[in-house]
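A.B. asks: Questions regarding the structure given below will be posed in turn.
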Amino acid sequence: MGHRRRRRHRLATAPGPNVKHQVRPERQASAGTRQRHQRSPCLDLPFGIKRRLWRRWWGSGRGVRPPAGPRPDAHSAAWHHVLVPMTPSLSPRLLDRLEHDGYLVFDGCSMRDSHNLALSLGAVSTSWELLTPKSKLASRRNSLSGVHGYDQFPWHSDGAVGRNPPDYIVLWSEQATVVEPTEILNLRCEPSLSQIIPLLARTVLLAKSPGRYGRYLPALLREGEATRIRWDERSCPPVWSGTASKVSELIASADPTGQIDWRPGRCAVIDNRTTLHRRPSIRNRSRRLHRLYISRRSS
C-alpha cells in the first residue's frame, strides 16, 4: 500500500472530534504498563519539601545516615531513627544524677540499647563514630590525635569550636581489650573547683575553624538557670587577659572527679555542658569506642 493510500486509510478510520481516542488492541498492554509505571508524584515536589521528607524518613538532625560500625539487626532502632518508637525515658532520679555527677554508666548494653538511650535524651545529631587511637602522622593535623598522638589528651569539651556544641555524648564500648579509662572533670558541682566558674565567665575564646575566619565565643554561657562550658585550648585558645592564664593553669592541674572504666557492653552518657573529659596515654592500641552526639530537646 502506497503512502497516499495509507494516509487516506488513517483519515477514514480516525475518530471524530467528540470521540475519545481509541487505543488499538495491540497497544493496550503497553498502555497499561505505562500507567502502572508512571512517574511518582513525589518526584515533582520542590527540592525543599523532598529534603524535609527525606530527613523525616531517615531521622532527625542534619545529614543523619545509617550508623557506621557493627551493623545491628534489620529491625533495630539504630537503623530506623524516628520510625521505631523504642525510646524509653530516663527516670527523674537518673536525670538528677546525670546533672549532679556529669555522667552516667550503664552495663550490658548493645548498640541498639545505646542508641535508644541516646534518643531518650534528645535528637541524635550524628551517626555512630568509631574512636580508635591514632598516631600524629595518621591523624588530621588540627585534631587531638594529630596534636597529642598516643599521649594524654588535655581536658576538653567536644564541639567547643561550633556555635551549638552537643549537649550530651554517648560512648559505647565494643571490645573487652579497653584498659585506658575516660576521666571526667565536673567543674560545676565540685567545691574545690568553684573558683573556676567565675573566671570562665570573664574568659573569651578565639574559635579557629580550618579554612574559616576566627570568631570570639564565651567560655561560659548562661542558658536560663543552666550553664554551658566550652573549653578546648587546641581549637579555642583563650584570648589574652588577666584570667586566661590562670584558668588554663587551674584546669590543667585539676584532678578528675570521676572515671569511666570500660568493659564490653558498657555505655556512658557524659554531660558536655558542665563537664570536661580526657583520656590518659594509650598503651593498648586496640581501644575501640563508639560515639554519638545528642542535642537536647527544647521544652
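The values are calculated or read from the model by the stated rules, or taken from the named source; none is laboratory data. Computed from a prediction, not measured in an experiment: that's the story for all the values here. Methodologically, a virtual Cβ is constructed for each residue, glycine included, from the backbone with ideal geometry; neighbour enumeration extends over all protein chains shown.
A.B. asks: Please identify the pairs in which a residue from segment 99-110 that is in contact (Cβ under 8 Å) with a residue 60 or more places away in the chain and surrounded by fewer than 18 Cβ atoms within 10 Å (Cβ to Cβ) has its Cβ atom under 8 Å from the Cβ atom of a residue that is part of a helix (DSSP H, G or I) and not small (Gly, Ala, Ser), counting only partners at least 6 apart or on another chain.
C.D. replies: Close Cβ pairs (under 8 Å, with a partner that is part of a helix (DSSP H, G or I) and not small (Gly, Ala, Ser)) amount to 106/113; 106/117.
A.B. asks: Take the conditions over 28 Å from residue 109 (Cβ atoms), crowded, with 17+ Cβ neighbours inside 10 Å and touching a helix residue (DSSP H, G or I) at 6+ places or on another chain (Cβ under 8 Å) and apply them to residue 196. Does it pass?
C.D. replies: Values: over 28 Å from residue 109 (Cβ atoms): yes; crowded, with 17+ Cβ neighbours inside 10 Å: yes; touching a helix residue (DSSP H, G or I) at 6+ places or on another chain (Cβ under 8 Å): yes.
Yes: the conditions hold for residue 196.
A.B. asks: Kindly evaluate residue 232 against the criterion of being more than 16 Å from residue 278 (Cα to Cα) and surrounded by 19 or more Cβ atoms within 10 Å (Cβ to Cβ).
C.D. replies: Values: more than 16 Å from residue 278 (Cα to Cα): no; surrounded by 19 or more Cβ atoms within 10 Å (Cβ to Cβ): yes.
So residue 232 does not fit the description; no.
A.B. asks: In addition: So residue 247 clears everything in (1) modelled with pLDDT of 85 or more; (2) closer than 27 Å to residue 143 by Cβ; (3) within 27 Å of the chain's Cα centre (by Cα) except one condition, right? Which one?
C.D. replies: (3)
A.B. asks: Give the residues of segment 160-184 that are surrounded by 19 or more Cβ atoms within 10 Å (Cβ to Cβ), out of contact with any helix residue (DSSP H, G or I) (no Cβ under 7 Å at 6 or more places or on another chain), within 24 Å of residue 200 (Cα to Cα) and of a type outside the set (A, V, I, L, M, F, W, C), sorted by residue number.
C.D. replies: Once the filter is applied, which keeps residues that are surrounded by 19 or more Cβ atoms within 10 Å (Cβ to Cβ), out of contact with any helix residue (DSSP H, G or I) (no Cβ under 7 Å at 6 or more places or on another chain), within 24 Å of residue 200 (Cα to Cα) and of a type outside the set (A, V, I, L, M, F, W, C), segment 160-184 yields 165, 166, 167, 182, 183.
A.B. asks: On the given criteria, is residue 155 of a type in the set (Phe, Trp, Tyr), in contact (Cβ under 8 Å) with a residue 12 or more places away in the chain and in contact with a Gly (Cβ under 8 Å, 6 or more places away or on another chain)?
C.D. replies: Details: of a type in the set (Phe, Trp, Tyr): yes; in contact (Cβ under 8 Å) with a residue 12 or more places away in the chain: yes; in contact with a Gly (Cβ under 8 Å, 6 or more places away or on another chain): no.
The answer is no for residue 155.
A.B. asks: Moving on to the next point. Looking at (1) hydrophobic (A, V, I, L, M, F, W, C); (2) under 21 Å from residue 104 (Cβ atoms); (3) surrounded by 21 or more Cβ atoms within 10 Å (Cβ to Cβ), which one does residue 226 not meet, given that it meets all the others?
C.D. replies: That leaves (3) as the condition not met.
A.B. asks: Please enumerate the residues belonging to segment 202-231 that are modelled with pLDDT of 80 or more, among the charged types (D, E, K, R) and assigned to a loop (DSSP other than H, G, I, E, B).
C.D. replies: 202, 230, listed by residue number.
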